[in-house]
Every structure is written in C-alpha cells, then in structure tokens.
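Nothing in this text is a laboratory measurement; each read-out follows from the coordinates by a stated rule. Everything numeric in this text was worked out from a predicted model, so none of it was measured. Counting neighbours? That spans all protein chains shown, and the Cβs are built from the backbone with ideal geometry, glycine included.
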Number of protein chains: 2
Amino acid sequence: MNHVINLQQKLALFDDHWSPKIVAQLNDYHVKVVKVEGEFVWHKHDETDELFMVLDGELTIELADRDAVVMQAGEVFVVPKGVQHRPIAHTECHILLLEPAGLINTGDAGGALTASNDDWI
Amino acid sequence: MNHVINLQQKLALFDDHWSPKIVAQLNDYHVKVVKVEGEFVWHKHDETDELFMVLDGELTIELADRDAVVMQAGEVFVVPKGVQHRPIAHTECHILLLEPAGLINTGDAGGALTASNDDWI
C-alpha cells in the first residue's frame, strides 16, 4: 500500500451504519472508518484494547462500572480490553477505529449488528 | 487510561519540533502527536510499519525507490517496514503517529534529531 488515504473521500463512498470499512493496515492492525447512528450493543473484546477517534459529530461510549465518555471531532478514546462498552450516537457520527485485524465489531455479543471484519474500501 | 484525549489540546502544550509526545496506548502501540518543520533525516524501521496522519498543515514523505507522497490534514499514509523515508514540512505541520511502543524516531539513522521514545504528554 503506497498511496495516501483521504478519510473524507473514503467516508463519501458509503452510507451504511455500524459497518466498519478498512482503509489501511499497520502491521497486523487495521485502520477503519465507520458511520454510526443510534445505539450499538453492549459488548467487550477480551483480547484487545480498541481505539476510537471521532472525525465528525459526537459519540458517547457507555462503559461498564465507570462514567460514560462523550467525544467530539478530534478526540480519541481507548476502550481497555475486557471492558463492556456501548457506543451511542444521537445523530450520525463518523469515526476512525484502530484495532487488530480480524476483530469482530460486536465482540462477545454477536447478533444482528455483527459486520464483516474484512471489508476494505 | 479512562479519559478522552483532545488532540488539539495536547498539541497546544508544546512547541518543539520532531519530538513526538505519547498521548494514548493501544495494547503495545503508542499514539503520538508531533510538530514538525523542515527536513528530517533519511531512516527506516526494519521491524515495523509506521502510520502518519496529518492533523494540520502539509507533510511530504520522500521514499526510497518510489515517488514521494504529499499529505494534507485528514490524510493517512503507512510507511512500510524497511522502507527508507524522510519527512519534510515546508511550514509547521502537526502529525499523529501510530507505531509500536519504544520505536526510535530516527530508526536506523540515529543522530541529533533522535528524541525520547517515552515522552507522555
């Protein structure tokens, strides 16, 4: 991969929600962009931390046993591995994710919102 | 680490160039912010890819054996492991870096621009 990735151009290529698209790979990690709106499912990733960066909009991440965090564009939050969390966006929000390649978006929860973990854009 | 990281607030805390500051950890990776201006040294990292995201300004990355890339704010580029590269910023540029914890900024080159690899902000 020897090209510059423009995140806004990538985001313009799709409209579906809660379906992360891979835009870059760093060693065995994937950088993804995703559009979200509404409430996701409570879940956790026992094997890894997960990084969220808001690119546009506002994202709330509810966390088990601690206060929720509210993130604006240009803000980063790392959900520690093993911590139950639930992303919520009251209006559409654009996010960059960083996580190990192959991670399942719904973690241990599964269900209808489970998306492909190998969807490049 | 259970707090939101505002990248602009972190960048406002320092003025030195070519001296990355760690703002977040994801498993054994560090997220860093750095201000750069001028020409860095040619170097490579034989053991890892390195991700650059421009937050403000314009960054050129010269690459051995291939065309240079020019990046604007909101753009991402991954320098593959083992590839000689040299970042250049004609005016001050703010960058987010993602790389394994402990990575040395000057890679195999060393020299006067070698910075701390454990400088949190």
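Restricting to Cα atoms and excluding each atom paired with itself, what does the Kirkwood estimate give for the stretch B:7-100 in Å? Intermediate results must be reported in sequence, preceding the final value.
Details: mean 1/r = 0.0748 Å⁻¹.
Its Kirkwood hydrodynamic radius stands at 13.4 Å.
Given only helices, namely DSSP H runs of n ≥ 4 each adding -39500 (n - 2.57), what is the per-residue ellipticity at 222 nm of the protein assembly as shown, to the nearest 500 deg cm²/dmol?
Values: 2 runs with 10 residues, N = 242.
For the protein assembly as shown, the value works out to -1000 deg cm²/dmol.
Averaging over all projection directions, find the projected area of the Cα convex hull of the protein assembly as shown and quote it in nm² with one decimal place. List each step's numbers first, then the result.
On the way: hull surface 49.0 nm².
For the protein assembly as shown, averaging the hull's shadow over all directions gives 12.2 nm².
Along Cα-to-Cβ, 7 Å out, sits the label point; list in nm, shortest first, how far the one on B:GLN84 is from those in the other copies.
From this label point to the equivalent ones elsewhere in the assembly: 5.5 nm.
On average, how many beta carbons from a partner chain sit within 10 Å of the beta carbon of a residue in A:23-34?
Working: counts 1, 7, 4, 13, 12, 1, 6, 0, 5, 0, 1, 0.
For peptide A:23-34, the averaged partner shielding equals 4.
Can you work out ³J(HN,Hα) from phi for every residue in the stretch A:112-120, in order, using Karplus 6.51 cos²θ - 1.76 cosθ + 1.60 and θ = phi - 60°, giving whole Hz and x for Gly and Pro?
Whole-Hz 3J(HN,Hα) from phi for the stretch A:112-120: 5, 8, 5, 10, 4, 10, 9, 9, 7.
5 Å is the cut-off here: which amide hydrogens, built 1.01 Å from N in the peptide plane, fall below it relative to B:TYR29, excluding neighbours closer than 5 in sequence?
Long-range HN contacts for B:TYR29: B:ALA101.
If you put a point 7 Å past Cα along the Cβ direction, how far is that point for A:ARG66 from the same point in each other copy, in nm, smallest first?
Ordered by distance, the counterparts are at 3.8 nm.
Give a residue-ordered list of calculated ³J(HN,Hα) values for the stretch B:80-86 (Karplus: 6.51 cos²θ - 1.76 cosθ + 1.60, θ = phi - 60°; whole Hz; x for Gly, Pro).
Values, residue by residue: x, 4, x, 8, 4, 8, 9 Hz.
Just check the stretch B:1-53 against the gyration tensor rule for me: Cα atoms, a ≥ b ≥ c as the square roots of the eigenvalues, rounded for a/c under 1.5, and otherwise prolate or oblate depending on whether a/b exceeds b/c.
Values: a/c = 3.00, a/b = 1.19, b/c = 2.53.
Verdict is oblate for the stretch B:1-53.
As an exercise, identify the trypsin sites (Lys or Arg not before Pro) in the stretch A:1-96 lying in DSSP coil whose Cβ has no more than 16 other Cβ atoms within 10 Å.
Working: sites: A:LYS10, A:LYS21, A:LYS32, A:LYS35, A:LYS44, A:ARG66, A:LYS81; in loops: A:LYS44, A:LYS81.
Listed in order of number, the matching sites are A:LYS81.
On average, how many beta carbons from a partner chain sit within 10 Å of the beta carbon of a residue in B:76-86?
For peptide B:76-86, the averaged partner shielding equals 3.
In whole Å, what is the distance between the alpha-carbon centres of the stretch B:79-121 and the stretch A:45-121?
28
Could you go through the stretch B:46-54 in sequence order and give the Karplus-derived ³J(HN,Hα) for each residue, using 6.51 cos²θ - 1.76 cosθ + 1.60 with θ = phi - 60°, rounded to whole Hz, and x for Gly and Pro?
Residue by residue, the stretch B:46-54 yields 5, 9, 7, 5, 9, 9, 10, 10, 7 Hz.
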